[in-house]
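The values are calculated or read from the model by the stated rules, or taken from the named source; none is laboratory data. Values in this document were obtained by computation on a predicted structure and should not be read as measured data. Cβ coordinates were reconstructed from backbone atoms using ideal geometry, including for glycine residues, and neighbour counts include every protein chain displayed. Accessible surface areas use protein heavy atoms only, side chains included; no ligands, DNA or RNA. Shrake-Rupley method; radii C 1.70, N 1.55, O 1.52, S 1.80 Å.
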Amino acid sequence: MAQQPLTDDELIARYGPHLNAEPPGGWSAGLEVDKTVKTHCCFCGQQCGIQLKVHDNEVVGFEPWYEFPFNEGKLCPKGVKRYLQGSHPDRLLHPMERDPSSPDGFRRITWDQALDRTVAEIKRIQAEHGNDAFAMLSGVSLTNEKSYLIGKFARLALRTANLDYNGRYCMVSAGAANKKAFGVDRNSNPWSDIPLADVVWVAGSNVAETFPITTSYIWRARDRGAKLIVQDPRVVPLARTGHVFLGVRPGTDSALFGAVLNTLIRNDWLDHDFIDAHTVDFDHAAAAAADMTSQWAAGVTGVPAARIEEAAEIWGTSATGMLLHARGIEQQSKGTENVLSAINIGLATGKFGKPGCGVSTITGQGNGQGGREHGHKCDQLPGNRDIRNPEHRAHTAAVWGCDESEIPDAGIPALEIIEAIHAGEIKGLLSICFNPMVSSPDSNFTAEALDKLEYYGVIDFFLSESAHHADIVLPGSLHEEDEGTSTSGEGRIIKINPAVDPPGEARRDWEILCDLAERLDASKYFGYDNTEQIFEELRLASKGGTADYSGATWDRIETEMGLFWPVPEEGHPGTPRLYEGGKFFHPDGKARFHGVPFRESAEVVDDEYPVWMTTGRVVSQYLSGTQTRRIAGLVEQYPEPLCEIHPVLAEQVGVADGELVTVSSRRGAITLPAQVVTTIRPDTVFIPYHWPGSKAANQLTNRAVDPVSKMPEFKVSAVRVERAGTEQAVTIDQARRGPASTEGQSR
């Protein structure tokens, strides 16, 4: 069984996270720079341009890349410090095998031993239990080339249907809604459209901390007179300079959007020509919103009716407008519905296909856009094709040179894979750049699942908390150690350039996968000499799909500083703004309204768990923290998770700022310092999720999922809050006491 060989503390002492505070040689080393490499940040979906400075095959610093159009040299704290992970003492430098008798918990082995053991376990498990008893989990920190390769590897080398990726926990609700409404999964606009908007509506995103460069685009719009509307349970920094703040109760976003649509219809703030010419099913959306008055929504959301109507009037009477949404409305058991209800108010006012108009998701992960296009989702083939569609399967099989019958059917999504492991249905797992021990909901359940695996192999560059459970660890490559492309949240395909080689015996991820494929008797499908060959095959595989890269080349991507897909033929300029001329991607060219009745979240507060909890990110940390918790300058900014709590709730609990509180749900409990702030609803607490073990916010979160996107409900949990070491817990009546709405919060 894939159980930890040592305790958490023993593994951390050996493998980290340890803090790296300085570049190689120290700050004053005066190293001569051998070369400066133009590439992109490895973290969020903005994919900011950066120049890495290299000395003796080590990244020793960076320079701003002012010419790259998206960020024009600007970087957030993570981007400034990202190079400090390269020559890190925690880097995995050679393959390892779990060995509880070793003082390190793992022992060093050769690559042949590691690969042979992995392949032997795959073959044994599949022979005994069937091909789908072995699964693979991937991540969208990987390039397009690796994402494409993993989709092909899982289907033709592992021969399993059960492949999915950590984007299942990030952008899938937005993707599912976009495909339903528009027939394509991509943002409607380049970010250069944001400053052209007369109103910018930000829903469920702490932009200033989690996507700082996007803030500059919003400020440019505001500076030219645009109104700013912010929708969130917290008065996030961006909201403090906004015109209207909508402090929704967690889990009520679709009610708010429904009330806005109701108000738009009642006041005839509609673009009837656009609705008639370019959409269908407006009557379905209108019928669902017919009883969603602003007064009704005030009772559901806690946002005053007058404020809802003010936001609706600003949106409905502005000639242009951009609505940007992120995980706050998407990471729910009704995330797809929330996004569809946001799209409804964009379609109703004709805000698509022209400058300064669109409804777009702010992509969270580095290649969260490209990584959800080319085949490492459980139901997907390259070009954002459907693995269940016979024509799509035939096209992919022709490119791959296999029979269509060799491509497995759709598998199960990430959380269901973990649940199937827990149930004993999946016996083996290979993961790459995915840390489910921190990022999955109900982390105690996840730990139980990993302990039940008969074999667990991990490809990564640090020993993550999930890799603590591994049987075999295969040391992979960092972002700057390989070449390829990524696709930013705008839909811009960009070039990732190698700055250094992997250290020690670490290898490039694609080379590891191709070696495994050869040992799995699938070498005829994986005869690549470099990643450009993989991209050339990706171009063919994507041709004719909605995510069509067939006209893009590495040379054009680099020299033109990115190309926006679709790029259906060489010489095509790319498509920065979708839907121009009102042309959508459904066969009839029209967008779809959807009726979205309100329903409650999977879990609601009650007498035992009377407080809402939501989770999210902080400015100095990224996702599961595997990289950022190892960089001293970032850890110093926010060393441990805190529980944001309103003074009213803090008084009821009997806790002061900095004192410990225990937050409990039906799944677990966490004790951490209280951060008493006036910028959160009195009935809600917020805990960031970047930490593992006893500090993991995901001990508390719910495994309930969106029925369409299969996104877990990270953003809505019912919890009990009490002063640590006491039995004094707040009641549901106390949690509701004080401001009945968010009227008392800053606008």
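Fully extended, how many nm does the chain gain between Asn131 and Lys35 (0.36 nm per residue separation, minus their Cα-Cα distance)? Before the final figure, lay out the partial values.
Working: separation 96, 0.36 × 96 = 34.56 nm, distance 4.69 nm.
Gain in length upon complete extension: 29.9 nm.
May I ask you to work out the translational diffusion coefficient for the range 338-380 at 37 °C, viscosity 0.692 mPa s, via Stokes-Einstein with Rh from the Kirkwood sum over Cα pairs, reported in whole µm²/s? Present the calculation step by step, with values, prior to reporting the outcome.
Numbers: Rh = 12.4 Å.
Roughly 264 µm²/s, to the nearest whole number.
How big, on average over all directions, is the shadow cast by the Cα convex hull of the range 18-84, in nm²? Working shown, then result.
Values: hull surface 19.4 nm².
If I average the Cα hull's projected area over directions, I get 4.9 nm².
Normalised by the number of residues in the chain, what is the relative contact order in percent for Cα pairs under 8 Å and 6+ residues apart?
20 percent
If you take the square roots of the eigenvalues of the alpha-carbon gyration tensor of the range 183-251 and sort them as a ≥ b ≥ c, do you get rounded (a/c under 1.5), prolate (a/b over b/c) or oblate?
Verdict is oblate for the range 183-251.
Taking H placed 1.01 Å from N in the peptide plane, check which residues at least 5 places from Thr361 or on another chain put their amide H under 5 Å from its amide H.
Under 5 Å from the amide H of Thr361 lie the amide H atoms of Ser188, His325, each far enough along the sequence or on another chain.
Give the Rg (one decimal place) followed by the Dmax (whole number) of the range 395-506, computed from C-alpha coordinates and expressed in Å.
When restricted to the Cα atoms of the range 395-506, Rg and Dmax are 17.2, 44 Å.
Kindly report, to the nearest 10 Å², the accessible surface of Glu536 as traced by a 1.4 Å probe over protein heavy atoms only.
70 Å²
Tell me the trypsin sites (Lys or Arg not before Pro) within the range 205-267 that lie in a loop according to DSSP and have at most 16 other beta-carbon atoms within 10 Å.
Passing sites in the range 205-267 are Arg224.
May I ask you to evaluate 6.51 cos²θ - 1.76 cosθ + 1.60, the Karplus curve with θ = phi - 60°, for each residue of the range 33-47 and list the ³J(HN,Hα) values in order in whole Hz, giving x for glycine and proline?
Per-residue couplings from phi come out as 7, 6, 7, 10, 10, 7, 8, 9, 5, 8, 9, 6, x, 6, 6 Hz.
Relative to the Cα centre, what is the charge dipole magnitude of the range 42-106, using +1 at the beta carbon of each Lys and Arg, -1 at the beta carbon of each Asp and Glu, and rounding to the nearest 20 debye?
Computed charge dipole of the range 42-106: roughly 280 debye.
Starting at the first residue of the range 127-139, write each ³J(HN,Hα) from the Karplus equation 6.51 cos²θ - 1.76 cosθ + 1.60 with θ = phi - 60°, in whole Hz, x for Gly and Pro.
In residue order, the calculated couplings are 5, 7, 10, x, 4, 6, 6, 10, 10, 9, 10, 10, x Hz.
Consider just the alpha-carbon atoms of the chain and return their Rg together with their Dmax, both in angstrom.
24.8, 73
Could you grab the Rg to Rh ratio for the range 279-406? Cα atoms only, Kirkwood for Rh.
Radius of gyration over Kirkwood radius for the range 279-406 works out to 1.10.
Would you calculate the separation in nanometres between label points at Glu63 and Ser101, each defined as 7 Å from the Cα along the Cα-to-beta-carbon direction?
5.5 nm
For every helix of n ≥ 4 consecutive DSSP H residues, a contribution of -39,500 (n - 2.57) applies; sum these over the chain, divide by its total residues, and give [θ] at 222 nm rounded to the nearest 500 deg cm²/dmol.
Computed mean residue ellipticity for the chain: -8500 deg cm²/dmol.
Once the principal axes of the Cα atoms of the range 310-378 are found, what is the range along each, listed largest first in whole angstroms?
Sorted from largest, the Cα extents of the range 310-378 read 42, 28, 17 Å.
For the range 14-55 and the range 72-139, what is the separation of their C-alpha centers, rounded to whole Å?
22 Å
Have a look at Ala259, Gly589, Met561 and report the one farthest towards the positive end of the charge dipole of the chain, computed about the Cα centre with Cβ charges (Lys/Arg +1, Asp/Glu -1).
The residue sitting most towards the positive pole is Ala259.
Using unit Cβ charges (K, R positive; D, E negative) and no other charged atoms, how large, in debye to the nearest 20, is the dipole of the range 87-238 about its Cα centre?
In debye, rounded to 20, the range 87-238 gives about 340.
Enter the accessible area per residue of the chain (Å², integer; probe 1.4 Å; all protein chains in place). Mind showing how you got there, number by number?
Numbers: 23570 Å² over 747 residues.
Accessible surface, normalised per residue, equals 32 Å².
Long-range amide H contacts for Ala669: which residues qualify at under 5 Å (H placed 1.01 Å from N, peptide plane, sequence gap of 5 or more or a different chain)?
none
Over all distinct alpha-carbon pairs, what is the Kirkwood Rh of the range 558-604 in angstrom?
14.4 Å
State the answer as a single residue: which of Gly204, Ala289, Val473 lies farthest towards the positive end of the charge dipole of the chain, with beta carbon charges of +1 for Lys and Arg and -1 for Asp and Glu, about the Cα centre.
Value: Ala289.
Based on Cα coordinates alone, diagonalise the gyration tensor for the range 100-142, multiply each eigenvalue by 5, take square roots, and list the semi-axes in whole Å, largest first.
Ellipsoid semi-axes (Å, largest first): 24, 17, 11.
Which pairs, out of Lys81/Lys715; Lys179/Lys334; Lys543/Lys710; Lys146/Lys710; Lys351/Lys710; Lys227/Lys351, put more than 18 Å between their alpha-carbon atoms?
Over 18 Å apart, Cα to Cα: Lys81/Lys715; Lys543/Lys710; Lys146/Lys710; Lys351/Lys710.
Can you report the principal axis dimensions of the range 102-237 using only the alpha carbons, biggest first, rounded to whole angstrom?
Between the extreme Cα coordinates on each principal axis of the range 102-237 lie 64, 44, 29 Å.
What's the extension gain from Arg224 to Trp111 if we count 0.36 nm per residue and subtract their Cα-Cα distance?
34.8 nm
Going from most exposed to least, what order do Glu373, Glu560 have by accessible area with a 1.4 Å probe?
From most exposed to least exposed: Glu560, Glu373.
Can you give me the long-range amide H partners of Ala704? Hydrogens built in the peptide plane at 1.01 Å from N, cutoff under 5 Å, separation of 5 or more residues or another chain.
When sequence neighbours closer than 5 places are left aside, the close amide H contacts are Glu713.
Quantify, in whole percent, the carbon and sulfur part of the accessible surface of the range 234-307 (1.4 Å probe; protein heavy atoms only). Don't skip to the answer; put the middle values down first.
Details: 1320 of 2580 Å².
Roughly 51 percent, rounded to a whole number.
What full-extension length gain, to one decimal in nm, is calculated for Arg240 and Glu22 as 0.36 nm per residue of separation minus the Cα-Cα distance? Spell out each step's value before the answer.
Details: separation 218, 0.36 × 218 = 78.48 nm, distance 3.50 nm.
Contour length minus the Cα-Cα distance gives 75.0 nm.
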